[in-house]
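J.: Sharing a structure with you now.
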Amino acid sequence: MESLSIHDPPPAGEQPVKHQPVPPMVPQLPPQMFTTAAQLLDLTDKKLMVSLRDGKKIIGVLRSWDQFANLVLQDTIERIFVQNLYADIPRGIYIVRGENVLLLGEIDLDKDDYIPEAFQEASVDRVFTLQKKEAEDRKRKEKARSKKLRAYGFEGEHMGEAII
Amino acid sequence: MLFFSFFKTLVDHEVTVELKNDISIRGTLKSVDQFLNIKLDDISVVDEVKYPHMSSCKNVFIRGSVVRYIHLPAAAVDTALLEDATRREAAQASARAKQS
């Protein structure tokens, strides 16, 4: 039996991984190919707003994706809106499992970072506390509602899960 | 696959998509795929004040699994054709079931 250690040279024919320049991605599929891939292809390398099932709003550049809408987003910020305030939190790279995606919106560069006047930027801590409070209130309300509904034999559409 | 084909005939029409989280988005249907994921162009959000994060978006990709309703322009739907297609598909399905 061959005993190898980490210091052995790699076997002939197999080259160590070199950093190769990535060829520029060119959209190749015609739009009439009605596939998820074709739809996401022209969103690649664009700045997007991604709305997730747990209510998070992520803004970043779409770098990679697959047919399930699993996504890789670069240079992301998370934007939290609460009452009439908002805050941005830098988050870095995001990999999102497709099932958690609600929608992707391409950000119109003419309206980039436009936030309705009614909203003012606030500190992350403040927005975070307010958001937590709001979520708790909603949860309580939702719980009471579904309890009443269950008494009549109804089951809610998304039990206990807030999708905003 | 019937509804996939059906939605393909509605491309370039104005539709309103209502999501399971109650957002309604109106826009031009640009494309649809086999999961009924939808792409809308020139969108406007009904009740925009409630959903401020959408204000800087012009086109959206909506995952099919989160759609509750799609409101269609009545004039663009040929119900007779749709009924025929449904019967044809049902007939094909039962023929296949008999074969196997």
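The values are calculated or read from the model by the stated rules, or taken from the named source; none is laboratory data. None of these values were measured; they are calculated from a predicted model. Cβ sites come from the backbone with ideal geometry, for glycine too, and all protein chains shown count toward neighbours.
J.: Give me the pairs, please: first residue somewhere in segment A:68-88 and buried (at least 19 other Cβ atoms within 10 Å of the Cβ), second residue anywhere and assigned to a loop (DSSP other than H, G, I, E, B) and modelled with pLDDT of 90 or more, beta-carbon distance under 8 Å, and either six or more positions apart or on two chains.
T.: Every condition considered, the pairs that remain are A:Ala69/B:Asn37; A:Ala69/B:Arg63.
J.: Something else now. With the checklist (1) of a type in the set (Lys, Arg); (2) within 27 Å of B:Asn59 (Cα to Cα); (3) at pLDDT below 90 in hand, flag the one item A:Lys57 doesn't pass.
T.: Failed condition: (3).
J.: Continuing with this model, one more query. Anything in segment A:43-69 that is more than 9 Å from the chain's Cα centre (by Cα) and of a type in the set (S, T, N, Q)? List them, or say none.
T.: The answer is A:Thr44, A:Ser64, A:Gln67.
J.: If you don't mind, another one. Any residue in segment B:59-75 that is modelled with pLDDT under 90 and of a type outside the set (S, T, N, Q)?
T.: No, because not a single residue in segment B:59-75 is modelled with pLDDT under 90 and of a type outside the set (S, T, N, Q).
J.: Which condition breaks for B:Thr79 when tested against (1) more than 24 Å from A:Gln67 (Cα to Cα); (2) among the polar types (S, T, N, Q); (3) within 7 Å of another protein chain (Cβ to nearest Cβ)?
T.: Checking B:Thr79 against (1) more than 24 Å from A:Gln67 (Cα to Cα); (2) among the polar types (S, T, N, Q); (3) within 7 Å of another protein chain (Cβ to nearest Cβ), the one that fails is (3).
J.: Show me the strands (runs of 3 or more DSSP E) found entirely inside segment B:22-84 where at least 1 residues are surrounded by 14 or more Cβ atoms within 10 Å (Cβ to Cβ) and more than 16 Å from the chain's Cα centre (by Cα).
T.: Numbers: elements: B:24-32, B:38-46, B:57-62, B:67-71.
Because the criterion is at least 1 residues that are surrounded by 14 or more Cβ atoms within 10 Å (Cβ to Cβ) and more than 16 Å from the chain's Cα centre (by Cα), the strands (runs of 3 or more DSSP E) in segment B:22-84 that meet it are B:38-46, B:57-62.
J.: I'm trying to understand the selection: among the residues of segment A:101-112, which are surrounded by fewer than 17 Cβ atoms within 10 Å (Cβ to Cβ) and either under 22 Å from A:Arg53 (Cα atoms) or in contact (Cβ under 8 Å) with a residue 40 or more places away in the chain (or both)?
T.: Here is the first cut: in segment A:101-112, the ones surrounded by fewer than 17 Cβ atoms within 10 Å (Cβ to Cβ) are A:108-112.
Passing the criteria: A:Leu109, A:Asp112.
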